[in-house]
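Working notes, beginning with the structure itself.
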Amino acid sequence: MSTGTVLRCCAAVLVLWAMSVQAHTKSETHSVWQIAGTVVRLSFTIPLPESKRLAKSDEDQPPDARVLEYLQQHLSVGSAAGLCSATPGRALAATSQFRRFEMTFTCRSSANIKLHSSAFFALVPSHVTFAQIETDGQFVEQLFTEGQQELDASAGDAQLRDAGFIEYVRLGIMHILSGPDHMSFLLGLVLISRRLRDLVFVVTGFTIGHSITLALAVTGILRPHAEYIDALVALTIAMIGAENIAVATHRPGTVAVGIGLPLLAMAAASLAGVGTLPPLLLFGAALFCANYLMLSGHMRDAGRLRLVVTLVFGLIHGFGFAATLLEMQLPAQKLAQILVGFNLGVEIGQLSLVLALMGLVGLAVRAKLSLPRPIVVDTVAAGLVAVGTYWFVSRSYV
């Protein structure tokens with residue numbers, strides 16, 4: 001086994017370790033700011049896991065009054081005439097996944113309007129709030145982050161049109177580089193690719209898959225349940241780790257049983273009303289995972305098979321990428337631009353990760369550092385299985 005391959009695995013370990021300091025799930029909220037003259041109407045959408053951060057120890061979810069009070073303390077609008085006055089706000093009907101709140105701000109001037117949000121940054125420093133700003137029929141997508149808690153809403157029409165594509169490119173890059181689940185899966189693909197040709201196969205399949213479903217989901221042709229997709233994304237991480245173990249140990253049957261039986265048990269529990277995933281989905285996942293592990297474990301060259309399988313995995317991750325966009329009111333006239341920009345950002349993020357990993361490998365080779373590949377593969381793969389299983393189970397029983 002080449003030293004470069006061994007060191008590539010070592011780099012994967014280091015990057016995975018660095019990711020472990022982040023929250024195990026992405027922390028994000030969504031906001032729509034509609035500006036009409038001196039009036040700014042805000043719709044703020046909070047996923048249930050995020051609103052739960054405001055709950056007391058004996059509560060599953062905080063009451064609407066507490067959430068509204070928190071938002072009023074952390075959301076504001078200013079203009080050239082000073083701070084804008086705010087209404088008390090109201091809660092809209094909650095769904096099984098989100099809570100929505102509305103607020104209205106009235107300014108004394110329509111000039112130089114600034115939007116401010118510090119919500120959730122003190123609780124989760126890596127939190128991101130996606131902001132869609134609508135002004136006179138034009139829109140721009142921007143991000144509130146811990147380092148950028150104020151946005152300028154007074155850009156001209158041309159700037160708004162230019163900013164839309166750039167912001168979606170940046171959004172796609174950040175979705176890869178700030179998402180530990182997508183990064184973990186991609187690193188698993190790099191880990192199992194022993195040759196450059198294998199890496200080309202798996203990245204190509206993954207790219208084709210997520211490009212297809214990203215377009216289908218955002219255009220409304222398919223609208224999957226977000227909680228199903230989050231759980232399946234986690235399952236793909238456990239799967240790629242399990243495949244690494246199956247290849248390293250040459251015992252695909254044992255690994256296939258180890259991942260297939262728990263999924264069948266979860267399907268049976270789902271039939272009894274335990275869990276949120278449908279029993280047929282879990283049963284199908286058990287058959288797919290077990291058969292794929294058996295096939296890849298007994299094939300001399302599974303590179304081309306992984307092209308097909310990573311295409312399937314890419315289909316799942318594509319819906320995960322689309323979940324970020326589905327909560328925003330996307331204008332039909334800019335849909336193609338949005339899809340191209342976001343998808344381009346995803347690809348830039350993927351390539352940046354792979355190239356950075358290869359750069360670390362090159363530096364390590366020059367420094368003549370190496371570890372036995374079996375030790376590295378077993379350690380990293382076990383970590384992927386553990387993390388993927390934890391995310392899968394926790395997302396299946398929320």
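The values are calculated or read from the model by the stated rules, or taken from the named source; none is laboratory data. Here the structure is a predicted model, which is why all the values come from computation and not from measurement. Heads up, the Cβs are rebuilt from the backbone with ideal geometry, glycines too, and the neighbour counts pull from every protein chain shown.
What to note about this one:
- Selection status of residue 58, acidic (Asp, Glu) and either touching a residue at least 60 places away in the same chain (Cβ under 8 Å) or closer than 25 Å to residue 225 by Cα (or both): no
- Search result, residues across the range 236-292 that are outside any helix (DSSP H, G or I), of a type outside the set (Gly, Ala, Ser) and within 27 Å of the chain's Cα centre (by Cα): 274, 276, 277, 278
- The residues listed here are 51, 31; of these, the one that is crowded, with 17+ Cβ neighbours inside 10 Å, part of a helix (DSSP H, G or I) and of a type in the set (Ser, Thr, Tyr) is 51.
- Condition check for residue 69: over 20 Å from residue 152 (Cα atoms), assigned to a helix (DSSP H, G or I) and at pLDDT 90 or above: yes
- Any hit, the range 64-86, residues being closer than 19 Å to residue 149 by Cα and of a type in the set (Phe, Trp, Tyr): yes
- Against the conditions (1) closer than 28 Å to residue 40 by Cβ; (2) at pLDDT 75 or above; (3) exposed (fewer than 15 other Cβ atoms within 10 Å of the Cβ), residue 221 satisfies every one except (1).
- Applying the condition of being at pLDDT below 90 and over 14 Å from residue 231 (Cα atoms) to the range 273-287 and asking which residue is surrounded by the most Cβ atoms within 10 Å (Cβ to Cβ) yields 274.
- Of all residues in the range 55-66 being in a helix (DSSP H, G or I) and touching a strand residue (DSSP E or B) at 6+ places or on another chain (Cβ under 9 Å), the one that is surrounded by the most Cβ atoms within 10 Å (Cβ to Cβ): 64
- Restricting attention to the range 72-108, the residues that are in contact with a strand residue (DSSP E or B) (Cβ under 9 Å, 6 or more places away or on another chain), among the polar types (S, T, N, Q) and not in a loop (DSSP other than H, G, I, E, B) total 6.
- If you check 119, 111 for being closer than 21 Å to residue 136 by Cα and either assigned to a strand (DSSP E or B) or in contact (Cβ under 8 Å) with a residue 24 or more places away in the chain (or both), only one passes: 111.
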